[in-house]
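Notes follow once the structure below has been shown.
The values are calculated or read from the model by the stated rules, or taken from the named source; none is laboratory data. None of these values were measured; they are calculated from a predicted model. A quick note on method: Cβ atoms are made from the backbone with ideal geometry, for glycine too, and the neighbour counts reach across all protein chains shown.
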Amino acid sequence: MAKIISIHSFRGGTGKSNVTANVSAQFARKGYRVGVIDTDIQSPGIHVLFGLDEEQMDKALNDYLWGRCAIEEAAYDVSARVGKGEVVLMSGGIYLIPSSIRAGEIARVLREGYDVGLLNDGFRALIEKLGLDYLFIDTHPGLNEETLLSIAISDLLIIILRTDQQDFQGTAVTVDVARKLEVPHLYLVINKAISSYEPEALRHQIEETYKAPVAAVIPLSEDVAALQSSDIFSLCYPDHPVSQEIQHIVALVEAA
Amino acid sequence: MGIFDRIQSEIETREKQEGFSPADLLALSPPLRRLMSYIIREGEVTAAAAAELVQVSPTNAQQLLDGLVHKGYLEREEREEGWVYRTRFARKRGREIPAGIWSALGRRTRPAPHDRDEGPSRDA
Ligand SMILES: Nc1ncnc2c1ncn2[C@@H]1O[C@H](COP(=O)(O)OP(=O)(O)OP(=O)(O)O)[C@@H](O)[C@H]1O
Ligand SMILES: [Mg+2]
């Protein structure tokens, strides 16, 4: 049966889209059929990591939510675009359902809202129509309708936090919500960990604080920043410490 | 009180509403939340499936589901196999963008005396 994995953080800019793109690409590389949906309707971004730009985006999640197309029509096979086409050579395939980057489309969703039931049906339709093994949901930071829905339907939730006091507080809120919604598997990922923390000590401290397992401690990396979300880091630099942490997440998700 | 009576009375005390929002899950008791989450995840359920989840008889499960239909949380449809229940989601509401926002932004760069009488949001 297909698994739904949501990637969330209470605050913005923690690395949700980067982690989602990397983990999902690694699953495709292993031969799984993977879907990635950008539910960050108000500030979409993950399409950039998959090399999809506005002109190539004929249809988006927005079109589905307005009843203009079936959700699978807004799915793009991006396997040939990432990591110099490496994924397509080895694998099952990776499909991206982007959110529109057009100002008018974003404004319309903000102004008019949308049919939440349609979004929920869309997740299941994607799994069925594309024959997915995994559906990854990239989310908007904070708690709103889409994020609560995605948490409620997830088999596995990854909450990302940085070593920042604001993240620490917000994460407590999200962990609490995930517990209430009885998500079967909950993992924390520490991203942009500064080098003055010893990774194991940090992991231990975070696990104690939230009573939840830490799947990875990803260092703050100039190399990641330098790639500027223009490709999938772990495909480009498989031996980099950041990529090794991504592999820890992949192993835990696969075992769940 | 058994599980059926507990969920039943919780449903009775809840306000009728125009559809269910994912945020409503947080306000429910664990057993009712589990039931609503299950229906959201599955897309649609029969009374038999709900009965198994909640551990009540199919007749009691149907009563609970019908109670949720009455409150506007679910909708039901008759099929060959019997009644099938789905979440009736509330539409995500659009945001009121404060009426004066564009002119307020404009005011930072140049005076715009004409938007004086634009409405209450301005001096709020
Ligand atoms: N480990 C890291 N080291 C350095 N920079 C990183 C790291 N992880 C992510 N970044 C950078 O941080 C920025 C934000 O990353 P990303 O877009 O993945 O975050 P996000 O949580 O999806 O943001 P948003 O909340 O806006 O959706 C990007 O510029 C990315 O390159
Ligand atoms: Mg993002």
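Some values worked out for this structure:
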item	result
Qualifying residue in region A:68-79 (condition: closer than 19 Å to A:SER230 by Cα, away from ligand 1 (no atom under 16 Å from the Cβ), more than 16 Å from the chain's Cα centre (by Cα) and surrounded by fewer than 19 Cβ atoms within 10 Å (Cβ to Cβ))	yes
Condition met for A:ALA60 (more than 17 Å from A:ASP231 (Cβ to Cβ), crowded, with 24+ Cβ neighbours inside 10 Å and touching a residue at least 12 places away in the same chain (Cβ under 8 Å))	yes
Single condition B:ILE40 does not satisfy, out of (1) in contact with a Ser or Thr (Cβ under 8 Å, 6 or more places away or on another chain); (2) at pLDDT 95 or above; (3) within 14 Å of chain A (Cβ to nearest Cβ); (4) over 22 Å from A:ASP155 (Cβ atoms)	(4)
Qualifying residue in region B:47-68 (condition: acidic (Asp, Glu), under 25 Å from A:ALA178 (Cβ atoms) and within 13 Å of chain A (Cβ to nearest Cβ))	no
A:GLU105 vs. criteria surrounded by fewer than 21 Cβ atoms within 10 Å (Cβ to Cβ), of a type in the set (D, E, K, R) and either more than 12 Å from chain B (Cβ to nearest Cβ) or without any contact (Cβ under 8 Å) to a residue 60 or more places away in the chain (or both)	yes
Residues (within 20 Å of A:ARG11 (Cα to Cα) and touching a helix residue (DSSP H, G or I) at 6+ places or on another chain (Cβ under 7 Å)) located in region A:147-157	A:LEU148, A:LEU149, A:ILE151, A:ALA152, A:LEU156, A:LEU157
Every residue from region A:16-59 that is away from ligand 1 (no atom under 16 Å from the Cβ) and either within 14 Å of chain B (Cβ to nearest Cβ) or among the aliphatic types (A, V, I, L, M) (or both)	A:ALA28, A:VAL34, A:MET57
One residue from A:GLY122, A:GLY117, A:GLY92 being in a loop (DSSP other than H, G, I, E, B), touching a strand residue (DSSP E or B) at 6+ places or on another chain (Cβ under 9 Å) and at negative phi	A:GLY92
Matching residues, region A:50-63, being at pLDDT below 95 and of a type outside the set (D, E, K, R)	A:PHE50, A:GLY51, A:LEU52, A:GLN56, A:MET57
Leading residue by the ranking (surrounded by the fewest Cβ atoms within 10 Å (Cβ to Cβ)) among those in region A:132-147 that are modelled with pLDDT of 95 or more and away from ligand 1 (no atom under 16 Å from the Cβ)	A:ASP133
Tally, over region A:157-180, of residues that are within 14 Å of chain B (Cβ to nearest Cβ) and crowded, with 20+ Cβ neighbours inside 10 Å	5
Tally, over region A:234-246, of residues that are assigned to a helix (DSSP H, G or I) and either within 11 Å of ligand 1 (Cβ to nearest atom) or crowded, with 16+ Cβ neighbours inside 10 Å (or both)	8
Enumeration of residues in region A:4-50 that are more than 16 Å from ligand 2 (Cβ to nearest atom) and closer than 14 Å to A:SER79 by Cα	A:GLN26, A:PHE27, A:ALA28, A:ARG29, A:LYS30, A:GLY31, A:TYR32, A:ARG33, A:VAL34, A:GLY35
Index of the failed condition, B:ARG34 passing every other in (1) in contact with a helix residue (DSSP H, G or I) (Cβ under 6 Å, 6 or more places away or on another chain); (2) free of Cβ contacts under 8 Å to residues at least 24 places away in the same chain	(1)
Unique match (being under 21 Å from A:PRO44 (Cβ atoms), in contact with a Leu (Cβ under 7 Å, 6 or more places away or on another chain) and in contact (Cβ under 8 Å) with a residue 60 or more places away in the chain) among A:SER99, A:SER154	A:SER99
